[in-house]
Amino acid sequence: MLELAGIIILGILAQWVAWRLKIPAILPLILIGLLVGPIAAEFLSEDKTKWIEPIWNGKEGLFPGEGLYYFVSLAISIILFEGGLTLKRNEIKNIGPVITKLITLGSAVTFFAAGFAAYYIFNLSWELSFLFSGLIIVTGPTVITPILRNIPLKKDVSAVLKWEGILIDPIGALVAVLVFEFISVGGGGGFTKTALVEFGKILLFGITFGFTFAHALIFAINKQLIPHYLLNVVSLSVVLLVFVESEIFAHESGLLAVVVMGMVLGNSKLQSLKELLYFKESLSVLLISILFILLAANMNLEDLMLLYSWKTVALFALVVFVIRPMAVFLSARGSKLKVNEKLFISWVGPRGIVAAGIASLFGSKLLKQGVEGAEYITPLVFMIVLGTVLLNATTARLFAKVVGVFLEKSEGILIVGASELSRIIAEYLSKNDRHVVLIDSNEANIGKAKELGLEAISANIYSETLTDNIELNDIGYLMALTGNGDINSYVIDKFRNQFGENGSFRLITPEEKDDNQNNPIEGLFSHTDDYTKLNDIVRDFPTIHEIKVDSKEEYDALIEITKNDKDIVPIFIKDKAGILEIIPAFNEDVTFEKGSSLVYLGKEINK
């Protein structure tokens, strides 16, 4: 009982430390696991026993027999499902081919190059060398997301790393499974046929089960066949059912099945998706906390001493500084990514829970089978995991500045409220190459925004998790366009520093509208245009126009026209380079240069 409670308490403590220090939680979790496991057994316990013993050894331990491996497998399935829920198709419009190549060509480069490196540096067998390389193909969302949250980057760069981290997990797992099966059957001429058959079964049953059960769950939820208080636990049970059933029909296809299921659910018109995602996030945090401590504690000091050699440094350097960049640059050939963006993606490649979990699983099984050299698998993978996480967590921000991908000025725009007014403005901004994100708690408004191809997030602005969203990393402007003045004021006060460093604006209230001389400094568009008036204009004239302006005098004259016509509202100044500047209520401060255009909403102005 003490060990079980201790794991949970230490795990959540590690998560809190990671949050305070802005580092991936995997780092303190592994260190705690090593402390209560091999380090405690060697240096801190009088009887040379671990403070936490994951595997039952006859006298003590938490999991008898294969129990630890079953727990690890089920926990990883839930974590990958939660990751699949966060994958949105509209995030990869510009970089889809890069991600496809990263998880195919990039995986192949890593697999063969790292396999050769392990073979020649550590003199492992070819089979074990390629098992190691298959395991380190994966990066992992649990370690990439905390790193990206703290670095303002272009959306495309963040999206590439995020999608790669989640999609490549099952790819690496499948490759490792095939190599493991080859080792388990002893190699031989039947390998090619066996591998093809097993791979085909994994794809068939993994995709089929994931797709089918996802649509069944969507149907059940939308038809309200599941009571609200059972929604989360029923969804969890379905995830476990899909994983287990897929595993029964095709061994090791479960990971693929749960990722597919998560992706289908995440991109569907599913009611209560937000609640489901919040529940799975909380569960994933708990499982990750438990898993990493268990897996690190399961190691022994003699396993770690195997790495006390120059060979370890050489292998790590090759994987991080040669193989990863080679995979990224080959995968990104012909893409819109610039060289400095490719360099940053090459630098950020931390390995995560799937690599560590499956390494522990396979390493222990091969040791029981008496495979020579199997004792190297788990510690080598843990070395890559711990080393890459430590390197990226401490240097990613600095490296982003060095290579020039760090956004010194964030040009993205966050619009709170997704009404027709907001959608028209967002659509115009998007067509003018500005990254725009709409946020609203109204699912109908979010759905209409997505139909227009806009990036929209269903979220409660009072939620603390909003600031953790990596899709908002490049946001520097904040526009509160809801019909509630209190909410607009709250948005400005709460998120000004986070998302509005270059400008925070809100619609004026009806009370402020009647007091032109005391409009708020963050007032938007004009002294007299509140939500009601703007909606009236949108109803009658739902169009944004541009009109060329040759002088400041002409600009001032146009502003006077907009003040005297209730159906026209100036919203932006567009300079000759196409850069947009938001017009505040105090539009006397707007900069103007010859060749600019006035952008306005409403009735067309006839010069």
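The values are calculated or read from the model by the stated rules, or taken from the named source; none is laboratory data. These numbers were taken from a predicted model, which means no experiment stands behind them. Positions of Cβ are generated from backbone atoms using ideal geometry, with glycine treated the same way; all protein chains shown enter the neighbour counts. Side chains are part of the model used for accessible areas, which takes the heavy atoms of the whole protein and leaves out ligands, DNA and RNA. Shrake-Rupley method; radii C 1.70, N 1.55, O 1.52, S 1.80 Å.
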Return the total of residues in the range 145-157 being in contact with a Ser or Thr (Cβ under 9 Å, 6 or more places away or on another chain) and either open to solvent by less than 10 Å² (accessible area, probe 1.4 Å) or hydrophobic (A, V, I, L, M, F, W, C) (or both).
2
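Conditions (1) under 21 Å from Phe499 (Cα atoms); (2) surrounded by fewer than 18 Cβ atoms within 10 Å (Cβ to Cβ), marked per residue:
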{"position": "Met383", "(1), (2)": "no, no"}
{"position": "Val389", "(1), (2)": "no, no"}
{"position": "Asn392", "(1), (2)": "no, no"}
{"position": "Arg397", "(1), (2)": "yes, yes"}
{"position": "Lys401", "(1), (2)": "yes, yes"}
{"position": "Ala418", "(1), (2)": "yes, no"}
{"position": "Arg423", "(1), (2)": "yes, no"}
Residue in the range 32-54 that is surrounded by the most Cβ atoms within 10 Å (Cβ to Cβ), counting only those that are modelled with pLDDT under 85 and among the aliphatic types (A, V, I, L, M):
Ile52
Output yes when any residue across the range 217-230 is assigned to a helix (DSSP H, G or I), out of contact with any strand residue (DSSP E or B) (no Cβ under 6 Å at 6 or more places or on another chain), among the hydroxyl-bearing types (Ser, Thr, Tyr) and in contact (Cβ under 8 Å) with a residue 40 or more places away in the chain, and no when none is.
no
Residue check, Leu414 more than 29 Å from Leu306 (Cα to Cα), part of a strand (DSSP E or B) and of a type outside the set (D, E, K, R):
yes
Taking the range 424-433 as the search range and keeping residues that are out of contact with any strand residue (DSSP E or B) (no Cβ under 7 Å at 6 or more places or on another chain) and in a helix (DSSP H, G or I), which one is nearest to Gly485 (Cα to Cα)?
Glu427
Ile207 being modelled with pLDDT of 70 or more, among the aliphatic types (A, V, I, L, M), assigned to a helix (DSSP H, G or I) and open to solvent by 50 Å² or more (accessible area, probe 1.4 Å):
yes
For the range 542-563 the number of residues that are open to solvent by 60 Å² or more (accessible area, probe 1.4 Å) and either modelled with pLDDT under 80 or farther than 26 Å from Glu427 by Cβ (or both) is 7
